[in-house]
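Reviewing the structure listed below.
The values are calculated or read from the model by the stated rules, or taken from the named source; none is laboratory data. These figures come from a predicted structure and were not determined experimentally. Note: ideal-geometry Cβ built from the backbone for every residue, glycine included; neighbour counts use all protein chains shown.
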Protein chains: 4
Amino acid sequence: MTKPTLDQARAVLQAQPFSTMLGTVITEYSDDAATLELEVRPDFLQQHGYIHGGLLCYLADNALTFAAGRVLGREILTSGVTLNYLRPAQGERLIARAAAQGATAKTAVTLVEISAVKDGSEYLCAVGSGTSAKRV
Amino acid sequence: MTKPTLDQARAVLQAQPFSTMLGTVITEYSDDAATLELEVRPDFLQQHGYIHGGLLCYLADNALTFAAGRVLGREILTSGVTLNYLRPAQGERLIARAAAQGATAKTAVTLVEISAVKDGSEYLCAVGSGTSAKRV
Amino acid sequence: MTKPTLDQARAVLQAQPFSTMLGTVITEYSDDAATLELEVRPDFLQQHGYIHGGLLCYLADNALTFAAGRVLGREILTSGVTLNYLRPAQGERLIARAAAQGATAKTAVTLVEISAVKDGSEYLCAVGSGTSAKRV
Amino acid sequence: MTKPTLDQARAVLQAQPFSTMLGTVITEYSDDAATLELEVRPDFLQQHGYIHGGLLCYLADNALTFAAGRVLGREILTSGVTLNYLRPAQGERLIARAAAQGATAKTAVTLVEISAVKDGSEYLCAVGSGTSAKRV
């Protein structure tokens, strides 16, 4: 198995119309982390003015899957995603850092932390995990 | 506690810029289900031409939270969301049906089923659950 | 695939030393539910006198896996289990009812509800879900 | 809030009849980890001769809750537990290491890794997470 590179991960992300529409970028892709970032726009909010939790779910799903790709190779399927909200997300940017929690040759469990950057300060707003498997 | 009505749920959804940007509508809101629907657009897809899993996560999060609102009243916070993918989602429409699995006076666990409608036929593509609590 | 019968499920449970040590029995095994039950003993409790949550986890894991066996056949592996606690469990008996939430030919997501019977009355104390796959 | 000590954690574990019946001990209790261990007995197995997954669930639940106690103080309730199985567990001992993934003043998400020790060698067999809250 060849581990995908940051450039290859960028190309995958570019090939996702939903991610380009939202403006997601991948800023790190190493053994330690897949880091995805997103500039917050006014149309990302919910009824109380916070960033919509569903957008955090999208970002978690994507980051967890990229992290699994570092572990298992490019041909993977994510079978499940869990996200726990800790604090309302607000600010100008979201950062999702994902990494492996444990893996076998065929499956990986990955973890994600989502932070919001507000007025230049970063704080943790959600944590989660995912399960992915090699495509058979 | 007064249970929110379908009209009130519509107003909440209208007040979510992220949901109006995506075009989510709520089509049922009763004791049995909160049903959210979404017309699929080309910019909702991922790199293989399927609907992005992260969009399903968004829809699950939203449907689970509306279902919890029927159980606990309008002032709630969702603390966690899980989604399990069963089949790639494709087609012209997504339907998310959420309902309570179990609840106390303060917390609710809700379930969601997400179906895709392709060429007029509906098939199940993801199932999940969420936990919500009354805001204190 | 031949669906396992109640007698076959009983034989599997009998072949689990951990389940016979705890006294778990299977009382229903149909398309609608796998129902496992357990008489509560003093050595099942935790420090506040309630039934230990970990025992509920064991029972959930087992019931979810039996339910998946009805869907996918006998040769399965459970890959993940989630349990949400709603109320402290106390009383003389635990009942876990599991059923399918959604499935493909190879994988199943199952749901479980765990009730406690106290002074003859049953109440819901935990709900959860699991993911299982056919052994390849 | 005063963080509970290893001695206090030992006393809590001793006060759990289910844990003393199974023989669970706590071997580390610091900011970095709550570590629980268990000698495997023949009556801990399932029908294929592996350690019963439900026992791993019990151990995960307990370790996750002790870890949350380091973060939030002694008066906590665990609301949910998830465990993902990576490999069949066998051998002479189980070790569960739990630590915080993220927390607020009132809630904590904790992670757990469960390893089995077989013929003196340790290998990872399950990973999971839990959510706990301060008792109100």
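Among what's in the range D:61-86 and is facing chain C (nearest Cβ under 7 Å) and aliphatic (A, V, I, L, M), pick the residue that is farthest from D:GLU37 (Cα to Cα). Full working, then the answer.
First, the residues of the range D:61-86 that are facing chain C (nearest Cβ under 7 Å): D:61-62, D:78-85.
From what is left, the residues that are aliphatic (A, V, I, L, M) are D:81, D:83.
Numbers: D:VAL81: 18, D:LEU83: 17 Å.
Result: D:VAL81.
Right, B:VAL81: within 21 Å of A:GLN47 (Cβ to Cβ) and not in a helix (DSSP H, G or I) or not? It would help to see each step written out before you state the result.
Values: within 21 Å of A:GLN47 (Cβ to Cβ): yes; not in a helix (DSSP H, G or I): yes.
Yes: the conditions hold for B:VAL81.
Spot the failing condition for B:ASP43; the list is (1) under 27 Å from A:CYS125 (Cβ atoms); (2) buried (at least 22 other Cβ atoms within 10 Å of the Cβ); (3) modelled with pLDDT of 95 or more, and only one is missed.
Going through the list (1) under 27 Å from A:CYS125 (Cβ atoms); (2) buried (at least 22 other Cβ atoms within 10 Å of the Cβ); (3) modelled with pLDDT of 95 or more, B:ASP43 breaks only (2).
Condition check: farther than 21 Å from D:MET21 by Cβ, surrounded by fewer than 23 Cβ atoms within 10 Å (Cβ to Cβ) and in contact (Cβ under 8 Å) with a residue 40 or more places away in the chain. Does D:ALA133 satisfy that?
The answer is yes for D:ALA133.
Looking for whichever is of a type in the set (Gly, Ala, Ser) and buried (at least 24 other Cβ atoms within 10 Å of the Cβ) here; the options are B:ALA105, B:ALA126. Which one fits? Before the answer, list the steps.
On the way: B:ALA105 fails: buried (at least 24 other Cβ atoms within 10 Å of the Cβ).
Unique residue meeting the criteria: B:ALA126.
Can you tell which of B:ARG93, B:ARG87, B:ARG74, B:ARG41 is in contact with an Asp or Glu (Cβ under 9 Å, 6 or more places away or on another chain) and either at positive phi or not hydroxyl-bearing (Ser, Thr, Tyr) (or both)? Explain how you work it out, then say what you get.
Details: B:ARG87 fails: in contact with an Asp or Glu (Cβ under 9 Å, 6 or more places away or on another chain); B:ARG74 fails: in contact with an Asp or Glu (Cβ under 9 Å, 6 or more places away or on another chain); B:ARG41 fails: in contact with an Asp or Glu (Cβ under 9 Å, 6 or more places away or on another chain).
None of the other options fit; the residue is B:ARG93.
Looking at (1) of a type in the set (A, V, I, L, M); (2) facing chain D (nearest Cβ under 7 Å); (3) crowded, with 21+ Cβ neighbours inside 10 Å, find the lone condition where C:MET21 falls short.
The failed condition is (3).
Quick one: in the range A:87-115, which of the residues that are of a type in the set (Lys, Arg) and assigned to a strand (DSSP E or B) is farthest from the other protein chains (Cβ to nearest Cβ)? Give the steps one after another, and end with the answer.
Start the filter on the range A:87-115 by keeping residues that are of a type in the set (Lys, Arg), which leaves A:87, A:93, A:97, A:106.
Restricting the remaining residues to those that are assigned to a strand (DSSP E or B) gives A:93, A:97.
Values: A:ARG93: 16, A:ARG97: 12 Å.
Once the filter is applied, the top-ranked residue is A:ARG93.
Filter the range B:116-136 down to residues that are assigned to a strand (DSSP E or B) and either of a type in the set (A, V, I, L, M, F, W, C) or more than 11 Å from the chain's Cα centre (by Cα) (or both), then give me how many there are.
Quick first cut of the range B:116-136, residues assigned to a strand (DSSP E or B) only: B:116-118, B:121-134.
Filter once more, so that each one left must be either of a type in the set (A, V, I, L, M, F, W, C) or more than 11 Å from the chain's Cα centre (by Cα) (or both): B:116-118, B:121-127, B:131-134.
Qualifying residue count for the region: 14.
Counting only residues that are more than 9 Å from chain D (Cβ to nearest Cβ) and within 13 Å of the chain's Cα centre (by Cα), how many does the range C:25-58 have?
Number of matching residues: 11.
Let's see how each residue does on (1) at pLDDT below 95; (2) over 22 Å from A:THR131 (Cα atoms); (3) buried (at least 22 other Cβ atoms within 10 Å of the Cβ):
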| residue | (1), (2), (3) |
| --- | --- |
| A:VAL12 | no, no, no |
| A:GLN16 | no, no, no |
| A:SER30 | yes, no, no |
| A:GLU37 | no, no, no |
| A:LEU55 | no, no, yes |
| A:ASN62 | no, no, yes |
| A:GLY80 | no, no, yes |
| A:ARG97 | no, no, no |
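Anything in the range A:71-83 that is within 13 Å of the chain's Cα centre (by Cα) and of a type outside the set (A, V, I, L, M, F, W, C)? List them, or say none. Walk me through it before giving the result.
Residues of the range A:71-83 within 13 Å of the chain's Cα centre (by Cα): A:78, A:81-83.
Result: A:THR78, A:THR82.
Is there any pair linking a residue in the range D:1-24 that is of a type in the set (Lys, Arg) to one that is outside any loop (DSSP other than H, G, I, E, B), with Cβ under 6 Å and at least six apart or on different chains, and which?
Pairs found: D:LYS3/D:ARG70; D:ARG10/D:ILE26.
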